[in-house]
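Novice: Provided herewith is a single structure, encoded as structure tokens, for subsequent inquiry.
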Amino acid sequence: MADSDSRLLWTSPAVVSAERAREMSRHSVRSVMDALSAHICVLDERGLIVKVNRAWREFAAANGGQAALCSEGNNYLSACSSDNGDSTQAGGAEFTAKLAEVLAGRLDGFQLEYPCHSPEQTRWFLARVSRVADADPPRIVVAHDSVTELKLVQETLRRQEAELRDLAASIPGALFRLHVLPGGALRFVYFSPGIERLFGLSPAQACGDGRSLFRRLSKDARGVCRRSLRAATTSGKPWECEMKVCTDVGDTGDSGDPDDFIWLQAKAMVKAGAASAAPGAAPGAALWTGMLTDITARKRAEAALMASEESFRLFFETMPQGIVYHALSGRVTAANPAACALLRLSHEQLLGKSPVDPGWHAIHEDGSDFPAAQHPAMEALRTGQPVRQVVMGLCLAEGSLVWLQVNATPLFKQGALSAVYTSFADITELIRTRQELHRQASTDHLTGAANRRHFMERLQAEYGRIQRRPELCSCVVTLDHFKLINDRFGHAAGDAVLRHVTLLMRLGTRPLDVVGRIGGEEFALLLPDSSRDDAQALAERLRLRIEQNPAQYRQGLIPVTVSIGISAIVSSDGNAEAALMRSDQAMYGIKENGRNGVSLA
């Protein structure tokens, strides 16, 4: 008994050393496990918890103290199955199903990402389960690593990439990246989805066959594109190029139909050597990043504008009417060839001139001065209203007179007057014809003096003027006594005498005085702005001149004398003919008293 007891109480030193070594090994393993940041749990083949590390315990404590998942000897699979009843633990069912496969020996291990929901935020974990086959007894290691930050970064990158893809797909054009190799070869490595709208090719097709893109360019555009890109690559400056692209795959882009092609603008920046870092890129390749933009609408608008400008220029230069543009100062800024020809000035001489320049002299149809301020262009500039069909006579530098019909139209930009467009036509022949017709209608055909109708019109106008301004004074003079000449020398001689007397009266009167033949042998003079004394002095001079200058007829002289009556036009007269009747009465008084005299009514 004593020997037996002594054997029980005595332990071999070798046994003690082995046990101590195993304890030290377990302590060392636990220390290593506790030092790891991953949440680690070791299971046996039955799924019982053998060990958990400190990170596992702390995580369990921080998430409701899940004791069942921390206590050694508990069934981990059962604890997981009961915990998976919480719907917040997404992926739990999949995890427990795969863990069961590992415990059954049908699966060596697996990895699974899963979210762990909490009131604060959703956290993500990566579970790694593996069978340690060479352990004795076999063990299953379950490790959970937090990948929340990684998932947040990945989600941010995914969202940014989605936004960039959406942005690239939404821009009105196509983004691209292009490698330019040292030998000049081109290789597209990226196109945004917009390339399909421009070329009818997907981004992959366009990158895979860059030549198909260049084949769609017009022949001229291919050379321009390559030369400009080569020059930009050499200089390092931004690349910009406009190119014509055929919309028909089978065409070359050189048809004349504008509907068969579009215009694109390429703009890109270079980053020298950046392409070399890309997989498969040649050393020294330049990386171009840029955008293709559809500028068809702009190019067609420019072409339409150019055609319109050309049509306007042709219209402007070939119009038979003169066309002049005036700035706000009135000075000429543009003139067509017809304007230069009508005004007898070169284009250089006409530019910069203004209607108010002292070199211009214009008149109305009646011969009165046309003030420069009343020029249609100046009127339009002053009022902002169009001025139509103004007739003016322009005295040119060489002394000739040209008659113009002028129209002036104000031009506005954004509601403000900016210029005046003036057009004018040469109506010289029309005015001369009109003046000739008027002369014929108002002139005595024999003497050239005013006929009775025209004289009475002028008398009526002067009478109206006196009515408006009674302080003015005008006179009427009547002359007679040619009947005896007709009886003695015949009507031909009488006609010669009438013309002779008319000439003497014109030579003895002012330009504004009116000489009229109002009867067969009776003349009248209208003397505007003349007093009775002025009229009487003029009448006496005329009487004396006619008496001293006989008319020459054939080979002889015919003496002539006249009887002259004078009357002032006064505002109290009942009509214009009253003064004429008084001068007639005065003239008849002279006839009764021996003729060849002057009498003031």
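The values are calculated or read from the model by the stated rules, or taken from the named source; none is laboratory data. If you're wondering where the values come from, they're calculated on a predicted model, not measured in any experiment. Note that each Cβ is placed from the backbone with ideal geometry, even for glycine, and that neighbours are counted across all protein chains shown. Side chains are part of the model used for accessible areas, which takes the heavy atoms of the whole protein and leaves out ligands, DNA and RNA. Shrake-Rupley method; radii C 1.70, N 1.55, O 1.52, S 1.80 Å.
Novice: Suppose all protein chains stay in the model; what accessible area per residue would a 1.4 Å probe give for the range 303-363, in Å²?
Specialist: Value for the range 303-363: 57 Å² per residue.
Novice: Using +1 at the Cβ of each Lys and Arg and -1 at the Cβ of each Asp and Glu in the chain, identify which of A537, S212, V387 lies farthest towards the dipole's positive end.
Specialist: Sorting the options by dipole projection puts first A537.
Novice: Given only helices, namely DSSP H runs of n ≥ 4 each adding -39500 (n - 2.57), what is the per-residue ellipticity at 222 nm of the chain, to the nearest 500 deg cm²/dmol? Show your work: numbers first, answer last.
Specialist: On the way: 20 runs with 248 residues, N = 601.
My calculation for the chain gives -13000 deg cm²/dmol from helical runs alone.
Novice: Now for a different question. Based on DSSP H assignment, which helices of the chain show an axial Cα extent of at least 15 Å together with a mean Kyte-Doolittle hydropathy greater than or equal to 0.0?
Specialist: 92-103, 491-507
Novice: List the residues, sorted by chain then number, that are 5 or more residues from I558 or on another chain and whose placed amide H is less than 5 Å from its amide H.
Specialist: Here A551, Q552, Y553 satisfy the definition.
Novice: Same structure, new question: In sequence order, what are the phi-derived ³J(HN,Hα) couplings for the range 177-194 according to the Karplus relation 6.51 cos²θ - 1.76 cosθ + 1.60 with θ = phi - 60°, rounded to whole Hz, with x for glycine and proline?
Specialist: 10, 9, 8, 10, 6, x, x, x, 5, 10, 9, 7, 10, 7, 9, 7, x, x
Novice: From the Cα gyration tensor of the range 496-595, with a ≥ b ≥ c the square roots of its eigenvalues, which class applies: rounded if a/c is under 1.5, or else prolate if a/b is larger than b/c, or else oblate?
Specialist: In terms of gyration-tensor shape, prolate.
Novice: Quick one: which of 198-205, 555-562, 172-179 comes out on top by average Cβ neighbours within 10 Å, and what's the full order, highest first?
Specialist: Packing order, densest peptide first, comes out as 172-179, 198-205, 555-562.
Novice: Tell me the per residue accessible area of the range 444-601 using a 1.4 Å probe; a whole number in Å² is fine.
Specialist: Per residue, the range 444-601 has an accessible area of 49 Å².
Novice: Got a number for carbon plus sulfur as a percent of the chain's accessible area, 1.4 Å probe?
Specialist: The C+S portion of the solvent-accessible surface of the chain is 55 percent.
Novice: With Cα extents along the principal axes in Å as the read-out, I listed (i) 138, 44, 41; (ii) 81, 68, 46; (iii) 210, 58, 35; which label goes with the value calculated from this structure?
Specialist: Read-out from the structure maps to (iii).
Novice: Distance from the Cα centre of the range 152-228 to that of the range 569-601, in angstrom?
Specialist: Answer, in whole Å: 107.
Novice: What do you get for chymotrypsin sites (Phe, Trp or Tyr not before Pro) in the range 500-601 restricted to DSSP loop and a cutoff of at most 12 other Cβ within 10 Å of the site's Cβ? Mind showing how you got there, number by number?
Specialist: Numbers: sites: F523, Y553, Y588; in loops: none.
Nothing satisfies the criteria.
Novice: Another question, then. Collect residues whose amide H, placed 1.01 Å from N in the peptide plane, falls under 5 Å from the amide H of V52; neighbours closer than 5 in sequence don't count.
Specialist: V42
Novice: Looking at the range 333-407, which trypsin sites (Lys or Arg not before Pro) are in a loop (DSSP not H, G, I, E or B) and have at most 14 other Cβ atoms within 10 Å?
Specialist: Those satisfying the criteria are R344.
Novice: In debye, nearest 20: dipole of the chain around its Cα centre with unit charges on the Cβ of K, R (+) and D, E (-)?
Specialist: 1200 debye
Novice: Moving on to the next point. Would you mind putting 49-58, 328-337 in packing order, based on average other-beta-carbon counts within 10 Å, highest first?
Specialist: The packing order, highest mean first, is 49-58, 328-337.
Novice: Still on this model: Using DSSP to define loop residues, name the GluC sites (Glu not before Pro) in the range 327-408 whose beta-carbon has at most 13 other beta-carbon atoms within 10 Å.
Specialist: E398
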